[in-house]
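The values are calculated or read from the model by the stated rules, or taken from the named source; none is laboratory data. Owing to the predicted nature of the structure, the values given are computational and were not obtained by experimental measurement. All Cβ positions, glycine included, derive from the backbone under ideal geometry; neighbour counts span all protein chains shown. We work out accessible area using only protein heavy atoms, side chains counted, and drop any ligands, DNA or RNA first. Shrake-Rupley method; radii C 1.70, N 1.55, O 1.52, S 1.80 Å.
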Amino acid sequence: MSTIATSAERLTRSTPPLGGFNLTFLAIEFRRRLRNRRTLAFTVVMPVALFLLVGLPLKDTPLTSQSIADGGLSVAAYILISMAVYGAMVASTSAGGAVAVERATGWSRQLRLTPLNPVAYIATKVVSSLVLGLLAVVATFAAGLIAGVQMPVQVWILSGLVAWLGSLVFTALGLFIGYLVPTENVMQFLGPILAVLALFGGLFTPLDQFPQVIQDIARWTPVYGLGEIARAPLTGADFDMLAVVNIVVWLAIFALGAALAFRRDTKRV
Amino acid sequence: MPSVDGLNRRMTISQSAPQAATAAVHAVGLTKRYGRVTAVGGIDLTVQPGEVVAFLGPNGAGKTTTIDMLLGLAKPDAGSVQVYGQSPRSAIAHGLVSAVMQTGGLLEDITVRETVQLTASLFPNSRPADEVLKRAGILDIGDRNVKKCSGGQKQRLRFAMALLSDPGLLILDEPTTGMDVEGRRDFWNAIREDAKSGRTVIFATHYLEEADAYADRIILVRRGRIVADGTAAAIKNLASGRTIRASLPNADEAALRAIVGVNSVEVRQDSVLVRAGDSDAVARYLLTQTSAKDVEITSHNLEDAFLALTSDDAAADSADSADDTAELSEPIRSNA
């Protein structure tokens, strides 16, 4: 009992650095994501499986007029990148959406009894979503590498980076929805929405196989820009500036939505 | 023996009472409304370091709302509250106050120890995880998943988390709800052991026995107001008194209050209701110096007093009188 602080000692205490952001918190947060089988199924297993089922059989189908024997690219590479984007966006959305569960169970209220700054809390969610997104990209690319997909080194790196960092758009979406709806399982209804968005973003089938009307609409949906830019290093095609605008605008919309919903949430307590 | 201990404590405390700035809790006119319902209607409260205070009242009395305001979890509509001279949020951020809340608030997908480690990581200086687990009596289930813990174990986990920052003030909101008799006793023994180190404790309860057994000071709340405030002994005195009821138009309230041993006076249109330790003195006054008729004297036990002070019947009873809580509006101060 002699170790108990005196009241005078207590009054000299400081608040934690970085608002309470720390590696222990982050490690436990990430461990929780990994323990969730559903999260793993959708972020790692599904993109890898889709690649193996859909992409791998097309390994010898050339993407361009240049034959694979002449060093041309295969359709499998195109699908591989799409799946990496898909895995990363699902991972980020679910990591951001975790705030919904924590609000529903009252954990976020419990955290208000600690020095943790709400911004540090969100930062932890963002970092954990980045780690989970990276895991999804690495797992998908590893499957592609092992399966023998050929891409120039800079394509692996650039496409991987775009798929990974671009997923921040969906971290923001997850946080936005997470602060908007108090529910135990936010991914249950976000999952199908993400699948539709991925379809419109050309992740499952190239967009030019859709009717023109669908193509015109798809350009304005949130996955379109990300898909275009992620595949650009591979196809070598210049991507539309519209793709960049698409990413920036959707990131702004989701981040602003998340910020407003967050403020409403902390005000209400 | 707790009351003797409590009495000593209060005596030393009252000597240093003027230093309101260092009070563990200093609240003035705390008010919270939800729509048209007033959950807390003007609570004044000062708790000195080292006190163990029970917030006693029925469900819906405003205990939780008051605690939420002390912790900065709810914003008062009027009034102010300071914890160790700071805002509640600042006091929490500096690890000066922690709380065990009623329900929820735990992650189900991590272990007991991980929960404590996570919480510990948020404080710049915290006690070791195993130390607080031991003090809360759950060291043996450290590796258990929170999901698999019983209600009592979860409550002990919340207690362990609250101990991490070694706070000067510990607030517990109905901490033993849902526990069996044994679990409740064990939990309170742990709290009591902890309070020996001089920690200030405020706990809300609707169990009279809990307040009596573990608190130095009991604050009775009803319908968002403090209706009595004193040591357990003082509340018992109140309870051991009798109620004198008489038909008497235009009773002289001041004269009645002046009688030695009178705790409270409620003047209604044609009658008067007096609570007093010495019912004879009141009866003598009423019968000899007023035109009172139908004098009725009833005695109460502790339970009756508690019910009378806190039940909704009491409110309905006096609803027609001008001041809803006239009879109770004068808090009984133990050291008055």
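Data for the structure
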quantity: Any hit, segment B:148-158, residues being surrounded by fewer than 20 Cβ atoms within 10 Å (Cβ to Cβ) and at the interface with chain A (Cβ under 10 Å from one of its Cβ atoms); calculated: no
quantity: Looking only at segment A:1-26, and only at residues there that are assigned to a loop (DSSP other than H, G, I, E, B) and over 45 Å from the mean Cα position of the chain (by Cα), the one that is modelled with the highest pLDDT; calculated: A:Thr6
quantity: Some residue of segment B:83-102 being more than 9 Å from every other protein chain (Cβ to nearest Cβ), more than 26 Å from B:Thr22 (Cβ to Cβ) and in contact (Cβ under 8 Å) with a residue 12 or more places away in the chain; calculated: yes
quantity: Filter result (part of a loop (DSSP other than H, G, I, E, B), away from chain A (no Cβ under 14 Å) and surrounded by 20 or more Cβ atoms within 10 Å (Cβ to Cβ)) within segment B:115-147; calculated: B:Ala136, B:Ile138
quantity: Qualifying residues in segment B:218-246 (those that are open to solvent by 10 Å² or more (accessible area, probe 1.4 Å) and among the basic types (Lys, Arg)) - the one nearest to the chain's Cα centre (by Cα); calculated: B:Arg225
quantity: Some residue of segment B:172-189 being at pLDDT 90 or above, open to solvent by less than 10 Å² (accessible area, probe 1.4 Å), among the hydrophobic types (A, V, I, L, M, F, W, C) and touching a Lys or Arg at 6+ places or on another chain (Cβ under 7 Å); calculated: no
quantity: Residue in segment B:286-298 that is modelled with pLDDT of 80 or more, assigned to a helix (DSSP H, G or I) and open to solvent by less than 80 Å² (accessible area, probe 1.4 Å) present; calculated: yes
quantity: Number of the exception - B:Pro58 against (1) in contact with a Gly (Cβ under 7 Å, 6 or more places away or on another chain); (2) open to solvent by 10 Å² or more (accessible area, probe 1.4 Å); (3) not polar (S, T, N, Q); calculated: (1)
quantity: Residue tally, condition open to solvent by 40 Å² or more (accessible area, probe 1.4 Å) and under 15 Å from A:Thr93 (Cβ atoms), over segment A:135-164; calculated: 2
quantity: Any hit, segment A:73-91, residues being within 14 Å of another protein chain (Cβ to nearest Cβ) and either open to solvent by less than 60 Å² (accessible area, probe 1.4 Å) or on the phi > 0 side of the Ramachandran plot (or both); calculated: no
quantity: Test result for A:Ala120, away from chain B (no Cβ under 13 Å) and either touching a residue at least 24 places away in the same chain (Cβ under 8 Å) or not in a helix (DSSP H, G or I) (or both); calculated: no
